[in-house]
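The values are calculated or read from the model by the stated rules, or taken from the named source; none is laboratory data. Source: prediction; values computed, not measured. All Cβ positions, even for glycine, are placed from backbone atoms using ideal geometry, and neighbour counts span all protein chains on display.
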Amino acid sequence: MKKLILFSSLLFAFATNAQIASTDTSLIKFIQLTPSVYQHISYLKTQTWGKVGCNGAVYIEGNEAIIFDTPTNDKSSEVLYRSLAKSGIKVVGVVINHFHADCLGGLKFFHEKGVKSYSSKLTQKLATADSVEVPQIGFENELKLKLGKKTITNVHLGAAHTRDNIVSYMDTEKVLFGGCMVKALEAGRGYLGDADVTQWSNTIEKVKKRFPKAKIVIPGHEDAGGQELLDYTAKMFMTDKK
Ligand SMILES: [Zn+2]
């Protein structure tokens, strides 16, 4: 009898908690942040910093998932896609944070699989000018997406790491995907080639005001944390503020 109870509670655990594991950890890793949100980490070779880990997120509800930023290329995106498929989870949408390769490097793969992609209209414009894969559905300032009954708010609040960078908030999870405009604790300023350092701390203040209940904040690179990541980033660019 005891065994039977244990078995059924295990089944229950699997039914309510999505479990995913990478099928190739050399290309992509997952860190579970809440029962339904994972951080995904894939890698980009850069001239200045060498091999850099790049963050995205996976939000799972039932047997569907929305991805925030693709892994860095088509190969790592395929591993993500397959890792989810192995757990019976289908990718139903991809949200692109800004026009850089660490956000949309694997977008072509998802388009080939028929997955819809979303970004700000400004990201579409900058990706077009850069001759990279362009997200399909553009929004002006804000786009609410539904995943099952859960709501995701995607919003452009101003320039920072790039002019087009957005943030995405998973309401019921209280998880904010900040992307590259948010720095991990102890991180440096990173690549500033497309940045607006004069607006960066202003934009972070707007993010803080808009999502004061965010418990988990995922930066573009390195470890997730809480609101302290927003404070750390705002402080970093305070002296450049205009
Ligand atoms: Zn970037």
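Identify all residues within region 58-75 that are on the phi > 0 side of the Ramachandran plot and over 13 Å from the mean Cα position of the chain (by Cα); write none if there are none.
Gly62
Looking at region 203-229 only, could you name the residues that are under 24 Å from Pro35 (Cβ atoms) and either among the aliphatic types (A, V, I, L, M) or not in a loop (DSSP other than H, G, I, E, B) (or both)?
Ala214, Ile216, Val217, Ile218, Pro219, Ala224, Gly225, Glu228, Leu229
Which of the residues belonging to region 122-174 are small (Gly, Ala, Ser) and in contact with a helix residue (DSSP H, G or I) (Cβ under 7 Å, 6 or more places away or on another chain)?
Ala127, Gly138, Gly158, Ala159, Ala160
Which of the residues spanning region 219-242 are crowded, with 17+ Cβ neighbours inside 10 Å and among the hydrophobic types (A, V, I, L, M, F, W, C)?
Once the filter is applied, which keeps residues that are crowded, with 17+ Cβ neighbours inside 10 Å and among the hydrophobic types (A, V, I, L, M, F, W, C), region 219-242 yields Ala224, Leu229, Leu230, Ala234, Met236, Phe237.
Of all the strands (runs of 3 or more DSSP E) wholly in region 48-143, which have at least 2 residues that are surrounded by 21 or more Cβ atoms within 10 Å (Cβ to Cβ)?
50-61, 64-68, 90-95, 116-120
Look through Ile216, Ile204 and report the one residue that is surrounded by fewer than 22 Cβ atoms within 10 Å (Cβ to Cβ) and either touching a residue at least 40 places away in the same chain (Cβ under 8 Å) or within 16 Å of the ligand (Cβ to nearest atom) (or both).
Numbers: Ile204 fails: surrounded by fewer than 22 Cβ atoms within 10 Å (Cβ to Cβ).
Every option except Ile216 fails the conditions.
Could you list all residues from region 85-108 that are over 16 Å from the mean Cα position of the chain (by Cα), of a type outside the set (A, V, I, L, M) and under 18 Å from Glu64 (Cβ atoms)?
Lys86, Ser87, Gly88, Lys90
Hey, can you tell me all the residues within region 76-101 that are in contact with a Gly (Cβ under 7 Å, 6 or more places away or on another chain) and either within 16 Å of the ligand (Cβ to nearest atom) or on the phi > 0 side of the Ramachandran plot (or both)?
The answer is Asn97, His98.
Just to be sure I understand, how many residues within region 145-168 are of a type in the set (S, T, N, Q), over 13 Å from Gly93 (Cβ atoms) and surrounded by 22 or more Cβ atoms within 10 Å (Cβ to Cβ)?
Count: 2.
Residue check, Ser42 against (1) under 30 Å from Leu104 (Cβ atoms); (2) modelled with pLDDT under 90; (3) of a type outside the set (A, V, I, L, M), all met but one. Which one?
Tallying (1) under 30 Å from Leu104 (Cβ atoms); (2) modelled with pLDDT under 90; (3) of a type outside the set (A, V, I, L, M), Ser42 fails exactly one: (2).
Anything in region 155-186 that is more than 25 Å from Glu140 (Cβ to Cβ) and within 13 Å of the ligand (Cβ to nearest atom)? List them, or say none.
Listed by number, the list holds a single entry, Lys183.
Here is a list of conditions, (1) more than 15 Å from Ala21 (Cα to Cα); (2) touching a helix residue (DSSP H, G or I) at 6+ places or on another chain (Cβ under 6 Å), and Ser77 meets all of them except one; can you say which number that is?
(1)
Name, by its number, the condition in (1) farther than 25 Å from Val79 by Cα; (2) of a type in the set (Gly, Ala, Ser); (3) in contact (Cβ under 8 Å) with a residue 60 or more places away in the chain that does not hold for Ser120.
Every condition holds for Ser120 apart from (3).
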